[in-house]
Amino acid sequence: MVFEDPVSRSLKRNLDRVAPSDATVLIIGETGTGKELVARYIHKNSPRKDGPFLAVNCGAFAETLVEAELFGHEKGSFTGATKGEVGWFEAANGGTLLLDEIGDLPPLMQVKLLRVLQEREVVRVGSRQSRPIDIRLIAATNVNLEQAVEAKKFRRDLLYRLNVMKIELAPLRARKGDISPLADYFLSLYGGKFELKDCFLAPAALNKLLNHSWPGNIRELENVIHNAILLAQDVCIDHVSIVQTEPETAPVSADFDTNLRRLFEEALANSHGDLYERVTRGLVSLALEKDSGNQVRAAETLGLSRNELRTQLAHMGLITPRRKGASHFPKLAPSKRHSVVRLAYQHFGTLAAVKAVGTIDERLQSAGYSVDWRAFSSGPPILDAIGSGEIDFGVTGEAATILALGMGAPFYYVGHESPAPGDVAIVVADESIRRVEDLRGKRVAFNKWSNADHFLMKALQRGGLSKSDIQPVYMPPDLSSLVDLSCGAIDAWVIWEPFLGAARKDRRARVLVDGVGHVENRQFYVCRRLFAASYPNIVELILDAIRDMSREEVVCSADDGVAAVARNLRLDATVAERYYCSLAFNPEAMDEQTVAEQQAIADAYFADGQLPARVSIASAVWRTL
């Protein structure tokens with residue numbers, strides 16, 4: 001691989017951080033950008049380097065045979081199956097499997113792949129016996145999977161499962177510093193094959209390569225050099241033949257003013273009448289975010305004095321103006337874009353109860369805003385949505401926020417709840433499981449990167465075990481898991497309230513150990529960075545509305561809130577009461593102790609190889625005590 005261009009050097013740094021972990025990787029890039037090469041680089045620099053590396057193109061299989069190809073089949077399972085064969089997943093055991101063009105996978109196979117990733121086992125076609133697998137999965141695609149999800153062509157839950165660590169490959173036209181060394185490599189490769197050693201490109205030929213847009217990327221460059229070698233009459237190659245398959249794009253290296261003008265022209269063409277406000281607000285907010293809220297540095301970045309910046313911030317409603325008076329900045333009208341506040345909730349999380357009661361809706365509506373509530377199965381998808389700009393505010397646990405920081409999600413911790421270690425536990429039904437040590441080799445179900453995940457890691461450590469000693473079964477929280485537990489489909493379930501309350505009521509289940517003495521089990525209120533910087537008043541309004549839930553002067557068990565929660569979440573009244581009464585509804589500002597505790601968790605995940613890089617919790621805190 002070539003890492004000469006600054007863009008490529010940045011890619012190499014990311015790959016070197018990703019490779020040592022065992023996390024699933026999603027590689028995104030145009031055709032010909034070297035996705036398989038990148039996957040091989042990750043494999044060769046990982047602990048699995050001595051195991052197999054297998055690459056499979058998901059679009060190359062007949063739809064009727066794709067399951068047998070991936071998961072294997074037994075003799076006689078279909079016409080022509082004269083003997084049993086392992087599939088690609090089993091063949092890759094102990095190593096790395098690349099599923100290229102993952103977007104071409106048929107819908108039914110997407111469901112089965114999701115189960116394989118959750119259960120870490122495969123079932124061959126024609127068999128009912130599950131077979132454990134030990135692989136690192138890398139997926140690659142040249143399509144926009146988010147758009148495929150919206151078009152109902154790709155499962156969102158599968159995308160979340162694949163998108164643990166994302167690597168985006170820049171096209172060759174965006175890393176022109178790699179063109180010359182890549183050309184030299186291909187000259188050496190094909191020159192050696194055709195006995196034309198020490199050949200080189202004439203300046204005019206090299207200049208032609210540098211000015212081409214390369215819609216076919218590295219693969220196209222390789223073909224051009226191969227063709228040039230075949231036609232060469234001398235070691236000095238003065239002509240390269242390039243087929244123009246599409247019009248040349250504007251040079252990537254255009255000067256800053258030219259690029260800025262193009263951006264403005266596009267924005268003006270698509271403006272809805274609030275362009276000045278959006279550009280100004282976005283520019284100022286991003287400068288503040290870049291400089292960690294430091295007004296002096298942000299003013300220098302923007303070429304303003306600090307007083308000019310403060311005047312602009314006052315007009316935007318981000319600070320209180322010091323004095324009345326005119327300024328040379330046009331005053332901004334209240335933002336129309338955020339008349340709708342997008343809130344994320346988990347079906348059985350803190351905000352689910354707040355939504356059921358309606359406190360936030362009332363507060364925001366009285367301030368002229370409406371609420372768009374969006375449901376999520378767990379914390380990681382919420383933080384993904386915040387990172388992509390789809391959600392403004394949500395609540396999630398300790399581990400999910402750390403993963404999101406490791407992946408570069410732009411969010412702030414805007415508050416936290418007091419610890420609730422007794423609200424998370426390992427539940428079992430098998431009488432032979434009496435201690436954590438008895439979980440060795442057992443199928444333990446939990447939601448990856450949730451508070452349950454972190455608690456399980458700590459509980460196993462206390463028992464002298466690690467996750468490699470159990471059979472992890474990754475599944476989102478669902479009451480149906482109680483049935484799986486009672487029938488033996490899983491041996492243990494790591495879960496939190498209100499599911500824990502339901503498990504306590506079930507005679508077949510019992511708590512093996514809870515979080516007391518193992519974890520703090522905190523919930524964190526998180527907010528998109530740009531939203532928090534631009535609309536701190538809305539953030540405070542939401543937090544105050546949540547605090548109002550704790551100031552109701554009624555007995556908890558008789559509160560309308562319990563009835564609303566039971567009705568909206570379809571919970572048994574007793575479970576709903578236990579769940580509702582367990583919620584503090586008291587978001588507190590981040591303090592030094594909480595930041596230090598969260599940093600210790602992040603450092604532990606990094607040391608365990610589950611994060612691509614160290615993360616700084618303090619840098620992601622909105623306001624501290």
Practice item. Within the stretch 523-545, identify whether any single residue is more than 18 Å from ASP392 (Cβ to Cβ) and surrounded by fewer than 22 Cβ atoms within 10 Å (Cβ to Cβ), and answer yes or no. Key: no
Practice item. Look through SER550, SER557 and report the one residue that is surrounded by fewer than 16 Cβ atoms within 10 Å (Cβ to Cβ), touching a helix residue (DSSP H, G or I) at 6+ places or on another chain (Cβ under 6 Å) and at pLDDT below 85. Key: SER557
Check your understanding: Somewhere in the stretch 47-61, is a residue surrounded by 18 or more Cβ atoms within 10 Å (Cβ to Cβ) and free of Cβ contacts under 8 Å to residues at least 24 places away in the same chain?
Key -> yes
Exercise for review: Could you check, for the stretch 169-192, whether at least one of its residues is part of a strand (DSSP E or B), under 25 Å from PHE53 (Cα atoms) and touching a residue at least 60 places away in the same chain (Cβ under 8 Å)?
Suggested key: no
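So, in the stretch 437-464, exactly how many residues are more than 28 Å from the chain's Cα centre (by Cα) and outside any helix (DSSP H, G or I)?
To start, the set of residues in the stretch 437-464 that are more than 28 Å from the chain's Cα centre (by Cα) comprises 437-442, 462-464.
Narrowing further to those that are outside any helix (DSSP H, G or I): 440-442, 463-464.
Selection size over the stretch 437-464: 5.
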Check your understanding: Which is free of Cβ contacts under 8 Å to residues at least 12 places away in the same chain and among the acidic types (Asp, Glu), of GLU150, GLU101?
Key -> GLU150
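List the helices (runs of 4 or more DSSP H) that sit entirely inside the stretch 27-119 and contain at least 3 residues that are over 20 Å from ARG161 (Cβ atoms). Give the steps one after another, and end with the answer.
On the way: elements: 35-44, 66-71, 88-91, 107-119.
So the answer is 35-44.
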Review point. What is the number of the single condition among (1) over 19 Å from the mean Cα position of the chain (by Cα); (2) touching a residue at least 24 places away in the same chain (Cβ under 8 Å); (3) farther than 12 Å from LEU158 by Cβ that GLU85 does not meet?
Key: (2)
Review point. When you go through GLY72, GLY34 one by one, which is the residue that is under 23 Å from the mean Cα position of the chain (by Cα) and on the phi > 0 side of the Ramachandran plot?
Key: GLY34
Point to revise | Of all residues in the stretch 377-414 being aromatic (Phe, Trp, Tyr) and closer than 24 Å to ALA600 by Cβ, the one that is surrounded by the most Cβ atoms within 10 Å (Cβ to Cβ) | key: PHE411
Practice item. Run down PHE89, PHE78, PHE71 and say which single residue is closer than 23 Å to GLN129 by Cβ and modelled with pLDDT under 90. Key: PHE78
Study note, to complete from the structure: Scanning the stretch 431-464 for residues that are at pLDDT 90 or above and either assigned by TED's automatic domain parsing to the domain that holds LEU403 or of a type in the set (A, V, I, L, M, F, W, C) (or both) gives ILE433, VAL436, LEU439, VAL444, PHE455, LEU456, ALA459, LEU460
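Every residue, every condition in (1) within 19 Å of GLY609 (Cα to Cα); (2) within 23 Å of the chain's Cα centre (by Cα); (3) crowded, with 18+ Cβ neighbours inside 10 Å; (4) assigned by TED's automatic domain parsing to the domain that holds GLY397, yes or no:
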| residue | (1), (2), (3), (4) |
| --- | --- |
| SER466 | yes, no, no, no |
| PRO477 | no, yes, yes, no |
| GLY488 | no, no, no, no |
| ILE495 | no, yes, yes, no |
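The values are calculated or read from the model by the stated rules, or taken from the named source; none is laboratory data. Predicted model only: the values in this text are computed from it and were never measured. Every residue, glycine as well, gets a Cβ built from its backbone with ideal geometry; the counts of neighbours run over all protein chains shown.
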